[in-house]
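Heads up, the thing below is written out as structure tokens.
The values are calculated or read from the model by the stated rules, or taken from the named source; none is laboratory data. Keep in mind the model is a prediction, meaning the values are calculated, not measured. Neighbour counts are summed over all protein chains in view; Cβ atoms, including those assigned to glycine, are modelled from backbone coordinates with ideal geometry. Ligands, DNA and RNA are excluded from the accessible area calculation, which covers all protein heavy atoms including side chains. Shrake-Rupley method; radii C 1.70, N 1.55, O 1.52, S 1.80 Å.
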Amino acid sequence: MNIADALRQLKAFARQDGVVLWLVWLVSFAMMRYAPQMALGNLLALSTPLVVMWRLKVFRTDALEGVISYRRAWVYSMYVFFYASILFAVTQYAYFRFLDNGVFVGSMVSTMDAFAPNYMQMGMTQQELGQTKELLLALTPIELSFLFMMQNLFLGGLMSLFIAAFDMKRRV
């Protein structure tokens, strides 16, 4: 298999597995929004590396006869996070734009109010806290979605380094 075909195959599997990760994130987000007292949403979010490792192992076994280099595993993981982040950002934008009506940001601001004494103890002034709340309230749905997408891409990139190291397998 030449390099172009190998990259095409890797991207095809990564797109499919990006959808799997997007579904995990989607259920996690829904659980955190609509059933915050249950820990299932947080557990699903924390299972992200395990889901990517599982899908990488399936890719390694089914498409590559059980052998994958660190570089290919790293690129695969990065693509999975990329595709999942794009899908999740579009979904979050639709949610924030049409369904949320400011509830999400409002809950963040009320959480900041509840933890204000802690912030003050760490050296944050009342003015800084007020500016932060104003900034949060001024965010548009597209800006919120973009912030979450960048966070997912950054954390996904970091996790990919470790996932690839853990799931790579050399020929014996």
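A few notes on this one:
- Those residues of segment 20-38 which are hydrophobic (A, V, I, L, M, F, W, C) and open to solvent by 60 Å² or more (accessible area, probe 1.4 Å), in sequence order: 23, 27, 32, 38
- Within the set 98, 81, 104, the sole residue that is open to solvent by less than 60 Å² (accessible area, probe 1.4 Å), modelled with pLDDT of 95 or more and either of a type in the set (A, V, I, L, M, F, W, C) or touching a His at 6+ places or on another chain (Cβ under 8 Å) (or both) turns out to be 81.
- Taking (1) free of Cβ contacts under 8 Å to residues at least 60 places away in the same chain; (2) farther than 30 Å from residue 137 by Cα; (3) hydrophobic (A, V, I, L, M, F, W, C) in turn, residue 10 satisfies each apart from (1).
- The lone exception for residue 15 - which of (1) open to solvent by 60 Å² or more (accessible area, probe 1.4 Å); (2) at pLDDT below 95 it fails: (2)
- Qualifying residue in segment 63-78 (condition: within 15 Å of the chain's Cα centre (by Cα), open to solvent by 40 Å² or more (accessible area, probe 1.4 Å), within 29 Å of residue 94 (Cβ to Cβ) and free of Cβ contacts under 8 Å to residues at least 60 places away in the same chain): no
- Pairing residues of segment 80-104 that are among the charged types (D, E, K, R) with residues that are part of a helix (DSSP H, G or I) and surrounded by 15 or more Cβ atoms within 10 Å (Cβ to Cβ), at Cβ distances under 6 Å and at least 6 apart in sequence or on separate chains, gives 97/141.
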